[in-house]
Structures are given as structure tokens and as C-alpha cells.
Amino acid sequence: MIELIAHNLAPIMFASLVVFLLLGYPVAFSLAANGLLFFVIGVELAPYSSGEINLFWPLLGALPDRIFGGIMANETLLAIPFFTFMGLILERSGMAEDLLDTIGQLFGPLRGGLAYAVIFVGALLAATTGVVAASVIAMGLISLPIMLRYGYDRRLASGVIAASGTLAQIIPPSLVLIVLADQLGRSVGDMYAGAIVPGLILTGLYVSYIFLVTMIWPNAAPALPIESRTLGSGVTSLFVTLLTGVAIAVAVDLLIQPHVEQGASIWGATVATLLVYAVAALNKTMKLNLLSYLAQQVIIVLVPPLALIFLVLGTIFLGIATPTEGGAMGAVGALLLAFSKRRLTGGLMIQAMESTTKLSAFVIFILVGARVFSLTFYGVNGHIWVEELLTSVPGGEVGFLIVVNILVFVLAFFLDFFELAFILVPLLGPIAEKQGIDLIWFGVLLGINMQTSFMHPPFGFALFYLRSVAPKGWFKDKVTGNQIRGVTTGEIYQGAIPFVCIQLIMVGLTIAFPGMVMRYKSDPPPAPTEQSAPAQPGGITLPPMQAPAGDNPLGLPPLGMPAPQQQGSENNPLGLPPLGMPPQEGAPAPTQPQPAQPELGLPPLQFPAPPPQNQPAQ
């Protein structure tokens, strides 16, 4: 019985962790306690495991180095408090209110216009804050009462707000992508570059769903009435201005492309955005009437968050800043935006720093617990058990990805994305790499799947955030003064289900079309030709070998061989140093004895002397 437990200690340990979590114990302490408990058990059962358990008491001495040298010294994790602080400042700076009001007015004449505005603002907030809670709470407070005022279906309104907030999971600068890149041992910048296209496609799928709903059920998302469109008309002026900006961006791109190594398109977009913003600001200040009021407001409201996006993501993609430095610049930019809107107060700073400290400590504690757990889990060969379990599934690479995504989807009902990233990803990453799967693709795929952890009824955190700010019973509308029924918890759950299905469709599209992620590889290795050898690992192409004529057909450098006419060379064709053998007859004696294997410090090999020629061998 003891031998059976010793041979199956890894699955018993993993099952015990699941039991700890289901009982409601904090994740960080469940991981650490489980790791230490099974470390003691593993040390005692090691003699009965036939070498399968590699745990011994001195191994505990590795924990301080894993914590202080591996976690505290990890500069990548510094990006988490920077981006969290930036998101919390922007949440209270009034940027979300301005965006929702302006974009809502822009799309107001369309059916579903407010829903479109929520999706686009959710994408912009995701690209500036990277924090799901900030996006969902801001849009729930601002947009939900307006959508209920104009007769939107409660399930559709709550679902689109919760789903748009979760775009912060996959659109850079996402905290999830930072953690996944750290756990998979890959660059955060590459993870960001790989996630941009899937994030934009997912946004497009949300928009397509709203369009489909408004075509089938027009009353589910009516257009704004004419008396509520405060910005008036002027879409033509906005359209012409945007076309002019695109033309300027293309011209600058073509102009500077020969002079820069990368990022010419980013610089072109930056110059065009600044010029358009300058025209709008001059038009507002000097009453030039160059633009309509709608175009002027849209440009003035949209450019500051776009500038912040460039400050964070543009500098990362251009190679000017690391993700940690980009997060620091984003935090400073958020402070400047709040100051420009006169929202930067001492109370705001205290709240933002307190929330940032709590979230950062939460992440670090989970990571410490995960390091303790992994020390024991690897010591009982748990990684081998997981590898054998997942590589035995049929279907090869695709079968492995399908099984892993089903596992993550099911565990997301009970675990937060941080918990999934720190517990599951370190076990799955090495197996995916052995399967030949690109880890950036794998990480983005898991990031899209982990979005569902925010949307799962009944444990989705985005649903909890929306429930905390959505009106429950009847409330009085501030504008019309009418009594409006609130949103029930069941309606929030029902509204989330279609968007969970859309996220699963996006997972399937990412598996079927990995090229949308592989765009992060800017310089793929050249294809082999007749004149060049196949590309070696790392993108290094070896020059062709020219075979010279003579006794050296491969063209290799000489190995220090003595000349062929030298006596005794037939017994030492490679020119190796002597191994301590006595000189043969007729061979010159070496001037100084040389020790054998000097680099490795091995003793010289002593061979017995051969018998004299005139005596028979004994």
C-alpha cells in the first residue's frame, strides 16, 4: 500500500490542491501549505518509490533563492503595478465618461449605436488600462442607465458591457499577457505583438453579433431619439478629416520608411494624429469653423487615449522601451491626463495606490505559493505525470490543444485567471514546447480562453463587477425622471452566455489560423535555395561549403597534424597529444612530458612498457 501511494503521489497531490481550493481556502496559502505538506510526505516515502521521488530535506534550502532570486528580482513583474495604477487613475479621470458620451453620440443614429459605443470604448479602455474591473465598473456606471433609459434589452445591455470589459484580458497592455509571458519564459513585447490581431478580431465578432441582433430584433437595441443627439450632424466633416489623416499617415510612412529600421507606420500614424488634433484644437479655440462640432468633439476626446496608447504600446513595439518602462510612462501619462481634467487629488492618489498595492501583493503571494508547490510537485515527478497524461491523447498537436483548452475552460468556472496562470501554465508550457508549439501562440490562445473565466455564470468576476454597480430594483432616471426597472442577476447571466460562445469561437479560430498570432515574427528565417544551406535554429543560415580538390574534400581547417613524411605519423594520424606512452623505436623523444586531458584535470593514462624485442612476452 505504501509503494502504491509513493508511485501515485503526484496525482494525489494535485487532487488535494483541488480539494483545498473547493473548500474555499485562499489560493496562495493552499498552494504553499499543500507543497510543504507533501514535501514532508515525499521525503518519508522516497525510499519506497524506486527512485521516482527526488525529495530530501536539504532541498528546502532552495526556497529562499526561488523566492528572492526568482520572484523579487523579476523586473517583468514590475509592469503589473504600473499598469494597474495607470488603469485606476484613468478610471477616475473622467476619460471613460467622455469617450462613452462622444462615441455614443457618434453611433446614436444607428440601431444598437450605444452597444457599438460600449464595444469600441471597451477596446480603447483595454488598450489604455489593461484592467478588467476598471473597464466593467466604469461602463456599468455610465452606459447601463442610458441603455435602460432608451429601451435596450437588459440581457443584451448587461452582456455587451461585461464582454467589452473583458477585452482588457487580450488587448495589450493586458496584465494576463504579462503573467503568461513570464510563466512561459517569453518576451512580453512578443506576447503583446501576437495578441493585437486576435484582440481586434474578437472586437469585430462582438460588433457582428450586435449587428445580427439588431437585424433580427430591432426593438432590442433602438437608435437614439433625435432630441437626444446633442452633438448634431457633421459626419461628413469627420469622415473627410479622417481620410486626410490617413493620407498624411501613409505619406509620412513612405517618406521615412527608408530611414528607419521598423515602426515607420507607427510614426506616420503619430504625426497624422498630432496634426489632426492640432487642427481640431485651433478650430475650437479660434472659432475657425473648419470642422463640424461633432468632428471637433470626437477628435478632441479620442486623441488623448490614443496618445496614451502610443506612449505605452508604440514605444514597446518600436523598441524604445521595455514593457516595464512602457508601464511607467503610461502611469505618468495617466497622471497628466487626470491633472489636465482637474481630477488629480490627494484622495484619488491614495485610493489608486492602495488598490495597486493590494493587487500587487495578491499576485506576489500567489506566485510565492506556486513556487513552493512546484518545488514539491517537480520533486515527485508531477511534470512527467502531466506530460504523459496530455501527450497520450489522440490527434497530435491539435488534439493536445483541444484537450488543454477544454481543461482551462472547465477550471475557469472555479479559478481566477491569475490562479490558472500560476498553477496550470508552468505545467503545460514545457509540454507544448516539446510538441513543437510556438509558446507565444500558445500563450495568446490561453489568454483568449481565460477571458471566459470572467464571463462564466455564476462565478465570472466581470459579472460580479457589473452586479455591484447595476441597479437591482426600480430606480428614478436622472434625466427623464421616470421610474425604470433595474437588472436582475439572472438577466446578467443570460446576457453573458452568447459572448462566452463568441469567445470559444475565437479560440477555435486561433487554433485553425495561427498566422494571426505569428505576425509577431518580423524576420522569419529565409527559405532554403540551391545556393544556400537550410536555415539553422535561431534563423542562422550557414554559407555553402565549397569542396576543394585534394586530400581535404570538406574544406575543414587543419587539426594540427604532423606532416605525412614525419616518422611515426602513421600511429598518430590526428596529431593528438601523447598519452604517456614510451617513445617508439626511431621516434624522437619529446622534450617535455605533457599531461593528458589538461582541461578536465584527469590523471594521465599510464600504459605498461612493451617487452624488449629479443625476449618473449610473459
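The values are calculated or read from the model by the stated rules, or taken from the named source; none is laboratory data. Owing to the predicted nature of the structure, the values given are computational and were not obtained by experimental measurement. FYI the Cβ positions are ideal-geometry reconstructions off the backbone, even for glycines, and counts take in every protein chain you see. Ligands, DNA and RNA are excluded from the accessible area calculation, which covers all protein heavy atoms including side chains. Shrake-Rupley method; radii C 1.70, N 1.55, O 1.52, S 1.80 Å.
Kindly list the number of the only condition in (1) closer than 19 Å to Leu308 by Cα; (2) loosely packed, with under 14 Cβ neighbours inside 10 Å that fails for Glu261.
Every listed condition holds for Glu261 apart from (1).
Among the residues of region 485-497, which ones are open to solvent by less than 40 Å² (accessible area, probe 1.4 Å) and at pLDDT 85 or above?
Listed by number, the residues that qualify are Val487, Gly490, Glu491, Ile492, Gly495, Ala496.
Could you identify the single residue in Tyr150, Tyr116 that is modelled with pLDDT under 85, on the phi < 0 side of the Ramachandran plot and either open to solvent by 40 Å² or more (accessible area, probe 1.4 Å) or of a type in the set (Ser, Thr, Tyr) (or both)?
Selected residue: Tyr150, the only one of Tyr150, Tyr116 that is modelled with pLDDT under 85, on the phi < 0 side of the Ramachandran plot and either open to solvent by 40 Å² or more (accessible area, probe 1.4 Å) or of a type in the set (Ser, Thr, Tyr) (or both).
Against the condition polar (S, T, N, Q), farther than 15 Å from Thr128 by Cβ, open to solvent by less than 20 Å² (accessible area, probe 1.4 Å) and modelled with pLDDT of 85 or more, how does Thr356 come out, does it pass?
So Thr356 fits the description; yes.
When Leu224 is evaluated against the numbered criteria (1) open to solvent by 40 Å² or more (accessible area, probe 1.4 Å); (2) at negative phi, which criterion, by number, is the only one it fails?
Leu224 satisfies every listed condition except (1).
What are the pairs, 6+ residues apart or on separate chains, where a residue within region 457-477 that is in contact (Cβ under 8 Å) with a residue 40 or more places away in the chain has its Cβ under 8 Å from a residue that is of a type in the set (Lys, Arg)?
Pairs found: Asp477/Arg149.
Find the residue count for region 18-55, including only residues that are over 26 Å from Phe414 (Cβ atoms), open to solvent by less than 30 Å² (accessible area, probe 1.4 Å) and among the hydroxyl-bearing types (Ser, Thr, Tyr).
1
Quick check: anything in region 83-101 farther than 23 Å from Leu335 by Cβ, touching a helix residue (DSSP H, G or I) at 6+ places or on another chain (Cβ under 6 Å) and either surrounded by fewer than 23 Cβ atoms within 10 Å (Cβ to Cβ) or at pLDDT 85 or above (or both)?
So far as region 83-101 goes, no, none of its residues is farther than 23 Å from Leu335 by Cβ, touching a helix residue (DSSP H, G or I) at 6+ places or on another chain (Cβ under 6 Å) and either surrounded by fewer than 23 Cβ atoms within 10 Å (Cβ to Cβ) or at pLDDT 85 or above (or both).
Residues to consider are Leu313, Leu306, Leu337; find the one that is farther than 30 Å from Gly35 by Cα and either of a type in the set (S, T, N, Q) or over 23 Å from the mean Cα position of the chain (by Cα) (or both).
Leu337
What number goes with the only condition from (1) open to solvent by 40 Å² or more (accessible area, probe 1.4 Å); (2) modelled with pLDDT under 80; (3) within 16 Å of Gly379 (Cα to Cα) that Ile5 does not pass?
All conditions pass for Ile5, except number (2).
Conditions (1) in a helix (DSSP H, G or I); (2) open to solvent by less than 10 Å² (accessible area, probe 1.4 Å); (3) modelled with pLDDT under 85, marked per residue:
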{"residue": "Ala157", "(1), (2), (3)": "yes, yes, no"}
{"residue": "Val160", "(1), (2), (3)": "yes, yes, no"}
{"residue": "Ala163", "(1), (2), (3)": "yes, yes, no"}
{"residue": "Pro173", "(1), (2), (3)": "no, yes, yes"}
{"residue": "Val179", "(1), (2), (3)": "yes, yes, no"}
{"residue": "Gly189", "(1), (2), (3)": "yes, no, no"}
{"residue": "Ile196", "(1), (2), (3)": "yes, no, no"}
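Go over the candidates Leu45, Leu55, Leu88 one by one and state the one that is in a loop (DSSP other than H, G, I, E, B) and out of contact with any Lys or Arg (no Cβ under 7 Å at 6 or more places or on another chain).
None of the other options fit; the residue is Leu55.
Do you know which of the residues in region 381-401 that are open to solvent by less than 10 Å² (accessible area, probe 1.4 Å) and hydrophobic (A, V, I, L, M, F, W, C) is farthest from the chain's Cα centre (by Cα)?
Filtering first and then ranking leaves Phe400.
Got a number for residues in region 448-481 being assigned to a loop (DSSP other than H, G, I, E, B), open to solvent by 10 Å² or more (accessible area, probe 1.4 Å) and farther than 15 Å from Met139 by Cβ?
Residues flagged as assigned to a loop (DSSP other than H, G, I, E, B), open to solvent by 10 Å² or more (accessible area, probe 1.4 Å) and farther than 15 Å from Met139 by Cβ within region 448-481 amount to 10.
Within region 271-282, does at least one residue satisfy the condition of being over 28 Å from Ala334 (Cβ atoms), part of a helix (DSSP H, G or I) and open to solvent by 60 Å² or more (accessible area, probe 1.4 Å)?
no
In the set Ala370, Ala321, Ala331, which member is within 20 Å of the chain's Cα centre (by Cα) and not in a helix (DSSP H, G or I)?
Exactly one of Ala370, Ala321, Ala331 is within 20 Å of the chain's Cα centre (by Cα) and not in a helix (DSSP H, G or I), namely Ala321.
Being at pLDDT below 90 and either of a type outside the set (Val, Ile, Thr) or open to solvent by 20 Å² or more (accessible area, probe 1.4 Å) (or both) is true for just one of Leu212, Leu106, Leu200, Leu205. Which residue is that?
Only one candidate qualifies: Leu106.
One residue is enough: does region 110-127 have a residue meeting the conditions over 16 Å from Gly204 (Cα atoms) and assigned to a loop (DSSP other than H, G, I, E, B)?
There is at least one residue in region 110-127 that is over 16 Å from Gly204 (Cα atoms) and assigned to a loop (DSSP other than H, G, I, E, B).
Looking at (1) at pLDDT 85 or above; (2) closer than 21 Å to Ser164 by Cβ, which one does Ile440 not meet, given that it meets all the others?
(2)
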